[in-house]
Amino acid sequence: MDISYIVFIPLIPLAVFLLLGIGYQKIKPAVSGYIGVAGLATSAALSYFAAYQYFFVSGKVDGVYQTLVEKTVWMNFTDTLHIDMGILIDPISIMMLVVVTTISLMVHIYSRGYMHGDNGYTKFFAFLSLFTFSMLGLVLATNLFQIYIFWELVGVSSYLLIGYYYTKTSAVAAAKKAFIVTRFADFGFLIGIMIVGHYAGSFDFQTLNAVNPEGEGLLMQWGASSFMGLSVITWGLLLIFMGGAGKSAMFPLHIWLPDAMEGPTPVSALIHAATMVVAGVYLVARLFPMYYFVEGGYVLNIVAYVGGFSSLFAAVIALTQTDIKRVLAFSTMSQIGYMMLALGVSSYKGHEGVGYMASMFHLFTHAMFKALLFLGAGSVIHAVHSNYLKDMGGLRKYMPITNITFLIAALAIAGVPPFAGFWSKDEILVAAFEKNQLLYFVGLFVAGLTAFYMFRLYFGIFWGKETKYHHAPHESPMSMAFPLLFLALMSIVAGFIPFSEFVTADKMGFEAHLNVPLAAVAVGTGLVGIILAWIFYKKENDLADKFSNAFGMFYKWTYHKFYFDEIYMFITKKIIFNLVSTPIAKFDKKYVDGTMEGIGNKTVIISEKIKGLQSGRLQDYAMFFVSGVVIIALVFIYLWTN
């Protein structure tokens, strides 16, 4: 299979970014929108063609999907340790190409309507293209260092887009918060890369993931060196997961995610559906053989529990939020936790690797319905000019397309059959049930919470008490409605893709079957959540207020997100700044700066005293010369006579 053309999939958005960025003041806004959409449409078409060629024509040999690589050495460290630049094609990279280009294309089309009239219209499309290029480069990376380069580019792009409204103090603060929090995680990621590279002797994914069916070979040679009871490679994998946890907003590195809603809504859809937040899941999946075989999957257990706790933690917080974009943000954190949980409970071979398949399947379906939810929320915000539930209600009769598409997305994320979320979420719960029943019950409970808070959102926006609007809300223009309709269709049909035949841990594929008893329990739990939301929020009543008062302090804690922002600010300002940074700054100013300033001052004083020696007057130099000759002569005579 020829894969040379695949390099153009990320390069086209890069070219669009450079064109719009350089010609920012010369290109008309309407033209820049068309350029952005055309560029992404071309990349998407190439991605679909690549997926067809790989999955249905020539990617499979002897029942195994091949890993295809084109690369060139960029930087040498030793004979074996070097950094390459290239593209790696396998089932998960092809799947991610389709996901990223599809969602990004829909966001580009949607943005033509949503950002119409904005002063930075052209700049916005340039930033979107940079973001897409960064993510496409990340998923095609052939080695750890290449993925780290694009990982940081994704971080820069998200900083630019979250802080797009740079005149808003809250947007600037949110952009800095996202950038700084993920920098701490990425520092761990970089150290992990160094550890793995040093002890494994390679950054290359093919080399690192090289295992035979018995799990022997290169991986097993790395257990000799240890630190605090764990092999150094285990520590390396933990630190790499730290980077993934930061980018995917896993607990406790999740605090940047809600504030990221300060960016334009299309940005929220792009970040939370297909790009930035799934990068951590993709990273663990990319190195899955290492995570599974090194020390019996020790790190993979940590991945499972961090994912399970993050999923539950975020779902509980989402119950009480009133900003519709923040509800969706915590929903994203919860669903990413589901994906991490599925990877953590997965095995490697055949049907035992259902967790890996389910994680990638849920990543695929979640991208469709979560992008739909965010774009639907943007349509509502565009109509009522508010993010808050208190300013909404009864919008179904004003916005019929947004109403029905949002409902489809809510049904999908709630796991109601036959919508896409049902199929992927069911596989995750099956994998958890077979491996760790504690995590299974956590996942089942989260499924009920998800259904409840999503339909709390749906009924609060489109039903409930109709707010007295200053201007009658209206449906969004077709440039915004078309992406909603397309993603609604994908949220219905994506679940019917036989995903297990294409994307598995061992690249061999298997036939998945619906576990009817577990599926029935999951669907029943979701329906209970929907029914409760119906009772509480479909019509105006005081049940919600009564329950929030009954939960008292717990409700207050969840509403304030368990005060994690306050805890971080206390640690940062009171401990790090006051007890660490301030004394260091004083020491630096008094002793380091004082020493250097003292040396400088003494030099000035001495120079003042001796500068007369170079006055520039000839008679002074003659006097010094004659004096020197006389002194030398006297010394010579003295020594000669004695």
Answer yes or no as to whether Tyr165 is surrounded by fewer than 22 Cβ atoms within 10 Å (Cβ to Cβ), free of Cβ contacts under 8 Å to residues at least 24 places away in the same chain and not aliphatic (A, V, I, L, M).
no
Given the residues Arg396, Arg456, which is the only one that is of a type in the set (Lys, Arg), surrounded by 21 or more Cβ atoms within 10 Å (Cβ to Cβ) and out of contact with any His (no Cβ under 9 Å at 6 or more places or on another chain)?
Arg456
Among Phe187, Phe150, which is the only one that is exposed (fewer than 15 other Cβ atoms within 10 Å of the Cβ), closer than 22 Å to Gly236 by Cα and at pLDDT 90 or above?
Phe187
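What about Ala447, is it closer than 30 Å to Ser346 by Cβ and either in contact with a Pro (Cβ under 7 Å, 6 or more places away or on another chain) or small (Gly, Ala, Ser) (or both)?
Working: closer than 30 Å to Ser346 by Cβ: yes; either in contact with a Pro (Cβ under 7 Å, 6 or more places away or on another chain) or small (Gly, Ala, Ser) (or both): yes.
Yes, satisfied.
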Can you tell me how many residues within the stretch 72-117 are in a loop (DSSP other than H, G, I, E, B), more than 29 Å from Ala50 (Cα to Cα) and either of a type outside the set (D, E, K, R) or touching a residue at least 12 places away in the same chain (Cβ under 8 Å) (or both)?
7
So how many residues does the stretch 272-322 have that are within 25 Å of Ala533 (Cβ to Cβ) and not in a helix (DSSP H, G or I)?
4
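Which members of the stretch 337-353 meet the condition of being on the phi < 0 side of the Ramachandran plot and modelled with pLDDT under 90? Show your work before the answer.
Within the stretch 337-353, the first condition is being on the phi < 0 side of the Ramachandran plot, and the residues that meet it are 337-349, 351-353.
Residues satisfying the conditions are Ser346, Ser347, Tyr348, Lys349, His351, Glu352, Gly353.
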Quick one: Gly63 ticks every box in (1) over 29 Å from Ala481 (Cα atoms); (2) touching a Pro at 6+ places or on another chain (Cβ under 9 Å) except a single one, so which number is it?
(2)
Please go through the stretch 297-333 and pick out each residue that is closer than 16 Å to Tyr563 by Cα and among the aliphatic types (A, V, I, L, M).
Ala314, Ala315, Val316, Ile317, Ala318, Leu319
Given (1) in a helix (DSSP H, G or I); (2) within 13 Å of the chain's Cα centre (by Cα), identify the lone condition not met by Lys325.
(2)
Can you tell me how many residues in the stretch 580-616 are modelled with pLDDT under 80, loosely packed, with under 10 Cβ neighbours inside 10 Å and not charged (D, E, K, R)?
5
Within the stretch 241-286, take every residue that is of a type in the set (A, V, I, L, M) and closer than 17 Å to Ala173 by Cα and give me the one that is surrounded by the fewest Cβ atoms within 10 Å (Cβ to Cβ).
Ile255
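The values are calculated or read from the model by the stated rules, or taken from the named source; none is laboratory data. Please read all numbers here as calculations on a predicted model, not as lab measurements. Neighbour counts run over all protein chains shown; Cβ positions are idealised from the backbone, glycine included.
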